[in-house]
Each structure stands twice: as C-alpha cells, then as structure tokens.
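The values are calculated or read from the model by the stated rules, or taken from the named source; none is laboratory data. Here the structure is a predicted model, which means the values were calculated and not measured. When we count neighbours, we look across all protein chains shown, and the Cβ atoms used for this are built from the backbone with ideal geometry, even at glycine.
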Amino acid sequence: MVLVIYGGRSVIPTMTEFYDYVLSFYGADGLYPMGATLKLVKQATSTHIKILKLKGDEFAGDSIDRECVRELLMTKYKLQPLV
C-alpha cells in the first residue's frame, strides 16, 4: 500500500486500496474481524463521504476515515467484533 501525504494526512490513492485497507482490519480475516464484506465497506464509505461533504470536510482515505467507516459498520449495519 502506498501512502501519500496531503494536507498533513496520509492518503491512500485509490478507493480500491481504501476498501482493501478497511477489509484488512474488519473483514473476515482482518486484524479486528467483524465480518465486513466489500459490499458493506463500499456502502459505509459512501455514507461517510456524504457526511464529510455535508460538514465541508474531505475524504483522505486514512486511519481517521477507516475508523469512521468502522463506526458506520457497527451502528448502521450492526456489525460487531467477532470474539
């Protein structure tokens, strides 16, 4: 994964890489598995980007965005960490 610095935040250049990044944490085989699927990650990311736009913020594809997507996966899609 290639990280780029933009406005003080590390940025993942493509959405595919961001989705893979999120799945590496919250997918079935992730560091913190929640059973997230690519479809759910795409939906949660889309929602997150819409929220950012309403706030006048930008999507950077960094760990802050990843954690916001995780929160949506938990609250909107009812995923929970697998024990």
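Mind listing whichever residues of segment 31-64 are of a type outside the set (A, V, I, L, M, F, W, C) and in contact with a helix residue (DSSP H, G or I) (Cβ under 6 Å, 6 or more places away or on another chain)? Please lay out each step first, then the result.
If we filter segment 31-64 for residues that are of a type outside the set (A, V, I, L, M, F, W, C), which is where we start, we get 32-33, 35, 37, 39, 42-43, 45-48, 50, 53, 55-58, 61-63.
Across segment 31-64, the qualifying residues are TYR32, THR45, THR47, HIS48, GLY61.
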By residue number, the members of segment 27-83 that are hydrophobic (A, V, I, L, M, F, W, C), surrounded by 15 or more Cβ atoms within 10 Å (Cβ to Cβ) and either outside any helix (DSSP H, G or I) or on the phi > 0 side of the Ramachandran plot (or both) are MET34, ALA36, PHE59, ALA60, LEU79
Counted residues in segment 59-81 being over 14 Å from PHE25 (Cα atoms) and without any contact (Cβ under 8 Å) to a residue 24 or more places away in the chain come to 3
Flagged pairs (Cβ under 8 angstrom, 6 or more apart or on separate chains; first in segment 4-24, at pLDDT below 90; second buried (at least 17 other Cβ atoms within 10 Å of the Cβ) and assigned to a strand (DSSP E or B)) are VAL4/VAL11; ILE5/VAL11
Selection from segment 46-83 of residues basic (Lys, Arg) and touching a strand residue (DSSP E or B) at 6+ places or on another chain (Cβ under 9 Å) yields ARG70
